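Chemist: Before we start, here is the structure in question, set down as structure tokens.
The values are calculated or read from the model by the stated rules, or taken from the named source; none is laboratory data. Values in this document were obtained by computation on a predicted structure and should not be read as measured data. Backbone-built Cβ (ideal geometry, glycine too); neighbour counts: all protein chains shown. These accessible areas exclude ligands, DNA and RNA; they are computed on the full protein's heavy atoms, side chains included. Shrake-Rupley method; radii C 1.70, N 1.55, O 1.52, S 1.80 Å.
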Amino acid sequence: DTAVSQTPKYLVTQMGNDKSIKCEQNLGHDTMYWYKQDSKKFLKIMFSYNNKELIINETVPNRFSPKSPDKAHLNLHINSLELGDSAVYFCASSQDGRRGEQYFGPGTRLTVT
Amino acid sequence: AQSVAQPEDQVNVAEGNPLTVKCTYSVSGNPYLFWYVQYPNRGLQFLLKYITGDNLVKGSYGFEAEFNKSQTSFHLKKPSALVSDSALYFCAVRDPGAGSYQLTFGKGTKLSVIP
């Protein structure tokens, strides 16, 4: 069973479109995260939810909006996609948001044309 | 503010030789430190962490890391490298004193193990 899953794995879309990426974890963890990895492999936190409450909201364009319907799911919606949004987006989860290690999903490669 | 540095973009080592991937950190108090590995087209996998206690931490796949407070370092080591260890390695730090959930990652070090 996959611990942290993301859909879709690949997403190719045009500028200006709106898209969503879904994430689910079956580990029973309380905290979930979204990261962006750019073409140079630099990894940057975007958002984090703990028990459905937003606890990290880094400086990202407000075109990006996370939604956590329950503890096991954290989705990422992106409005008005831009070329610079092209990257790999990773979802992760952890049992203990402060001390615990994070478990990462396989990533969603977003390409905006 | 918390930060972490991986001074080497790439490390090359011959198979069977010991390997070291370097990491230094900066936090205001005592750090929580982590190492992750990323294989091509995959998500990051947790290797090991230091929270408190013994400075030498053992992790997955034969890796270990030593926490050195005076040098603010947390270098990743393995006694004998395998070709399958070739991957991208990330060091990460969290400052618990800041009450933060945020994990700050280094820029990554590409390890190449040469047969």
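Chemist: Taking the residues in segment A:1-22 that are more than 11 Å from chain B (Cβ to nearest Cβ) and in a strand (DSSP E or B) as candidates, determine which candidate is surrounded by the most Cβ atoms within 10 Å (Cβ to Cβ).
Modeler: A:Ile21
Chemist: Name the residues in segment B:22-56 that are in a strand (DSSP E or B), in contact (Cβ under 8 Å) with a residue 12 or more places away in the chain, of a type outside the set (Lys, Arg) and over 30 Å from A:Tyr10 (Cβ atoms), would you?
Modeler: B:Thr24, B:Tyr25, B:Ser26, B:Tyr32, B:Leu33, B:Leu48, B:Tyr50
Chemist: Does B:Phe90 satisfy being open to solvent by less than 30 Å² (accessible area, probe 1.4 Å) and within 14 Å of chain A (Cβ to nearest Cβ)?
Modeler: yes
Chemist: Can I ask one more? Within segment A:55-65, restricting attention to residues that are away from every other protein chain (no Cβ under 11 Å) and assigned to a strand (DSSP E or B), which residue is surrounded by the fewest Cβ atoms within 10 Å (Cβ to Cβ)?
Modeler: A:Ser65
Chemist: Which number in (1) in a loop (DSSP other than H, G, I, E, B); (2) open to solvent by 70 Å² or more (accessible area, probe 1.4 Å); (3) of a type in the set (Ser, Thr, Tyr) marks the one condition that B:Ser84 misses?
Modeler: Here B:Ser84 clears every test but (1).
Chemist: Residues in segment A:29-46: is at least one within 13 Å of another protein chain (Cβ to nearest Cβ), open to solvent by 80 Å² or more (accessible area, probe 1.4 Å) and at positive phi?
Modeler: Yes, the conditions are met somewhere in segment A:29-46.
Chemist: Another question about this same structure. Check A:Leu81 against each of (1) assigned to a loop (DSSP other than H, G, I, E, B); (2) free of Cβ contacts under 8 Å to residues at least 24 places away in the same chain and name the one condition it does not meet.
Modeler: (2)
Chemist: What are the residues in segment A:23-45 that are touching a residue at least 24 places away in the same chain (Cβ under 8 Å) and part of a strand (DSSP E or B), if any?
Modeler: If the condition is that a residue be touching a residue at least 24 places away in the same chain (Cβ under 8 Å) and part of a strand (DSSP E or B), then A:Cys23, A:Glu24, A:Gln25, A:Thr31, A:Met32, A:Tyr33, A:Trp34, A:Tyr35, A:Lys36, A:Gln37, A:Leu43 are the ones that fit.
Chemist: What number of residues within segment B:14-35 are within 14 Å of B:Asp85 (Cβ to Cβ) and surrounded by 19 or more Cβ atoms within 10 Å (Cβ to Cβ)?
Modeler: Taking segment B:14-35 first, the residues within 14 Å of B:Asp85 (Cβ to Cβ) are B:14-21, B:35.
Imposing the further condition that a residue be surrounded by 19 or more Cβ atoms within 10 Å (Cβ to Cβ) reduces the set to B:19, B:21, B:35.
Looking only at that region, the number is 3.
Chemist: For segment B:102-115, what are the residues that are surrounded by fewer than 20 Cβ atoms within 10 Å (Cβ to Cβ) and either within 13 Å of chain A (Cβ to nearest Cβ) or under 18 Å from A:Asp96 (Cα atoms) (or both)?
Modeler: B:Gln102, B:Lys107, B:Lys110
Chemist: Right, here's the next one. Filter segment B:87-114 for residues that are of a type outside the set (A, V, I, L, M) and in a strand (DSSP E or B) and give the result.
Modeler: Of everything in segment B:87-114, those that are of a type outside the set (A, V, I, L, M) and in a strand (DSSP E or B) turn out to be B:Tyr89, B:Phe90, B:Cys91, B:Arg94, B:Thr104, B:Phe105, B:Thr109, B:Lys110, B:Ser112.
Chemist: Something else about it: Test each condition in (1) under 21 Å from B:Val4 (Cβ atoms); (2) within 12 Å of the chain's Cα centre (by Cα) for A:Ile56 and report the one that comes out false.
Modeler: Of the numbered conditions (1) under 21 Å from B:Val4 (Cβ atoms); (2) within 12 Å of the chain's Cα centre (by Cα), the odd one out for A:Ile56 is (2).
Chemist: What residue, among those in segment B:63-81 that are touching an Asp or Glu at 6+ places or on another chain (Cβ under 9 Å), closer than 22 Å to B:Ala14 by Cβ and not in a loop (DSSP other than H, G, I, E, B), is most open to solvent (accessible area, probe 1.4 Å)?
Modeler: B:Lys77
Chemist: Kindly provide the set of residues from segment B:51-86 that are within 14 Å of chain A (Cβ to nearest Cβ) and on the phi > 0 side of the Ramachandran plot, ordered by number.
Modeler: B:Gly53
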